[in-house]
Amino acid sequence: MKVNLDGIHTNLRFSAAHMVIGHKSCGKIHGHSYIVDVEVEGERSGQFGFVIDFKVLKDITRKICKTLDHRVLIPIESPDLEVTYEDDKTIEFTLLGDCEYKLPKSDVVLLPIPSTTAESLSIYITEKIVEALPDTSTLDYIEVQVNEGIGQGASYHKTL
Ligand SMILES: [Zn+2]
């Protein structure tokens, strides 16, 4: 049996800035209001016969969204990004050896992913949800869709 969370109606959202390094138009820093949909399939279990408690899944996903909200998302594993200076307060980096950024650390999230496309963000958020789930033994898979605004998104399906 499947359960799902519709990010628009359950308020699983974040607003963030990013850049798709090397892309003609999306390579420039810009922002999206992201919406996260989550689907889980598994066996019903426990006292209430839930696949998973909606509240648990919502709380976990919302906390992850909050870590990304109102931040600049930096794909620290991109081969086209080089950190040139970093201390407790500031990070400086270049993109493609050319475009230089200097940002306060408090405004950025350094993500261990090669890009901040919806595709990469869906993998990142899926892995963070799975890490936080209390028990996955009765679950078959999780699928997380990250939407860039309404009407377009990328989803990642992970077998559990
Ligand atoms: Zn974008």
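Rounded to the nearest 10 degrees, the angle from helix 54-68 to the longest Cα principal axis of the chain is 0 degrees. Protein heavy-atom accessible surface, 1.4 Å probe, per residue over the chain: 56 Å².
Kindly provide the helix-only [θ] at 222 nm of the chain, computed as the sum of -39,500 (n - 2.57) over DSSP H runs of four or more divided by all residues, to the nearest 500 deg cm²/dmol?
Working: 2 runs with 30 residues, N = 160.
After summing the helix terms and dividing by residue count, I get -6000 deg cm²/dmol.
Listed cross-link partners K24/K105; K58/K128; K28/K102; K66/K105 are compared with a 22 Å cut-off, the Cα-Cα value being larger for K24/K105.
Measure nothing but the geometry: give the 0 to 90° angle between the long axis through the Cα atoms of 118-132 and the longest principal axis through the Cα atoms of the chain, rounded to 10°. Taking the Cα atoms of the chain, the angle to 118-132 is about 50 degrees. Quick one: pull the percent of accessible area on the stretch 2-159 belonging to carbon and sulfur, 1.4 Å probe, ligands and nucleic acids left out. On the stretch 2-159, the fraction of accessible area on carbon and sulfur atoms equals 49 percent. Between the amide H of Y34 and those of F14, S15, A16, G149, distances stay under 5 Å, these residues lying 5 or more places away or on another chain, with hydrogens modeled in the peptide plane.
Would you mind working out the magnitude of the charge dipole of the chain relative to its Cα centre, with +1 at each Lys and Arg C-beta and -1 at each Asp and Glu C-beta, to the nearest 20 Debye? If you can, show how the numbers build up before the last one.
On the way: 16 positive and 25 negative charges, 106 e Å.
Rounded to the nearest 20 debye, it is 500 debye.
Ranking T94, Y141, I60 by how far each Cα lies toward the positive end of the dipole of the stretch 19-146 (charges on Cβ) leaves I60 at the top. Using a ≥ b ≥ c from the Cα gyration tensor of the chain (square roots of the eigenvalues), is it rounded, prolate or oblate, where a/c under 1.5 gives rounded and otherwise the larger of a/b and b/c decides, a/b for prolate? In terms of gyration-tensor shape, prolate. For the stretch 2-159, the residue among I125, H9, V20 whose Cα projects farthest onto the positive side of the dipole built from Cβ charges is H9. Here the contact order of the chain, divided by its residue count and restricted to Cα pairs under 8 Å and six or more residues apart, works out to 25 percent.
The values are calculated or read from the model by the stated rules, or taken from the named source; none is laboratory data. No experiment lies behind these values; they were computed from the predicted model shown. Glycine also receives a Cβ, built like all others from the backbone with ideal geometry; neighbour counts cover every protein chain displayed. Remember, those area values only see protein heavy atoms, side chains included, never the ligands or the DNA or RNA. Shrake-Rupley method; radii C 1.70, N 1.55, O 1.52, S 1.80 Å.
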